[in-house]
Amino acid sequence: MATRRNEYEQPVGFAVDGWAARSLPARSAIDGRYCRLEPLHMRHAADLYEAYGSAADGRDWTYMSVGPFAAFEDYRSWLEHAASLDDPLHHAIIDLATGKAVGTLALMRIDRANGVIEVGSVAYSPRVKRTPAGTEAQFLLMRRAFDELGYRRYEWKCDSLNAASRAAALRYGFRFEGIFRQAVVYKGRNRDTAWFSILDSEWPAIKRGFEQWLDPRNFDAAGKQCRKLADLVGEAVAAAGHT
């Protein structure tokens, strides 16, 4: 793309014609093939606490700003507050095979004026990790942000030391942008924050990769994936000319 210049021959960004602030995400369910996302509610508390309790230890909470929760009442109190918020807007992941809530994730740091939104507070129990439902939950929020609401930028941020989160971001098609040093203090320690993003121009290709991966034909009789999401997304992105 040729660089645009203003009347002073200074380089300026490309035009964004007809831009207007985006709407806030709706407090409504999103239906998928393997899961349904529902705005977090007190009715999810027992299922979620039980699902998180199926983990062998508390390591899944190391890089979260909250948890682990020693007692149900502690988790219930946190959930009651979280469910009342519009930003972050937390969602429960409902496994359609069981009808149970098995994890949460949120749309957050919602910048309507600039069309920027982040997915965060991703808390997956063992019952949704490495499942089609866990991947589809991410896809459903991406689709809401880009296709329904028309946001321009979708972000993923995590502790730079959180190797699992960084790997997940790349698997989902996010592009690594860099490290913000000493960005956050949480749980009495420093966090250097790794930044990742997907742009609206990249989304159609990434969406195709997700749709191919989520297709039931991509899983064998035992439920094992035939092709990896990262490979399908990478091929679709390359075919679209994004590097």
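The values are calculated or read from the model by the stated rules, or taken from the named source; none is laboratory data. Values in this document were obtained by computation on a predicted structure and should not be read as measured data. No Cβ is skipped: glycine too gets one built from the backbone with ideal geometry, and neighbour counts run over all protein chains shown.
Matching residues to (1) buried (at least 24 other Cβ atoms within 10 Å of the Cβ); (2) free of Cβ contacts under 8 Å to residues at least 60 places away in the same chain; (3) not acidic (Asp, Glu):
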{"residue": "ARG109", "(1), (2), (3)": "no, yes, yes"}
{"residue": "ASN114", "(1), (2), (3)": "no, yes, yes"}
{"residue": "GLU118", "(1), (2), (3)": "no, yes, no"}
{"residue": "SER121", "(1), (2), (3)": "no, yes, yes"}
{"residue": "ARG127", "(1), (2), (3)": "no, no, yes"}
{"residue": "ARG130", "(1), (2), (3)": "no, yes, yes"}
{"residue": "TYR151", "(1), (2), (3)": "yes, no, yes"}
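What are the residues in the range 96-107 that are surrounded by fewer than 19 Cβ atoms within 10 Å (Cβ to Cβ) and either on the phi > 0 side of the Ramachandran plot or assigned to a strand (DSSP E or B) (or both), if any?
Of everything in the range 96-107, just one residue is surrounded by fewer than 19 Cβ atoms within 10 Å (Cβ to Cβ) and either on the phi > 0 side of the Ramachandran plot or assigned to a strand (DSSP E or B) (or both), namely GLY99.
What pairs come out if I take residues in the range 71-92 that are within 19 Å of ALA29 (Cα to Cα) and surrounded by 14 or more Cβ atoms within 10 Å (Cβ to Cβ) and pair them with residues that are polar (S, T, N, Q) and at pLDDT 95 or above whose C-beta lies under 6 Å away, six or more apart or interchain?
PRO88/SER121; HIS90/THR104; ALA92/THR104
What number of residues within the range 186-207 satisfy the criterion of being of a type outside the set (S, T, N, Q), surrounded by fewer than 19 Cβ atoms within 10 Å (Cβ to Cβ), touching a residue at least 12 places away in the same chain (Cβ under 8 Å) and over 19 Å from ARG152 (Cβ atoms)?
Qualifying residue count for the region: 3.
Within the range 145-156, is even one residue within 24 Å of LEU48 (Cβ to Cβ), of a type outside the set (Lys, Arg) and assigned to a strand (DSSP E or B)?
Yes - at least one qualifying residue is present in the range 145-156.
If I filter the range 199-222 for residues that are within 15 Å of the chain's Cα centre (by Cα) and assigned to a strand (DSSP E or B), do I get at least one hit?
Yes, the conditions are met somewhere in the range 199-222.
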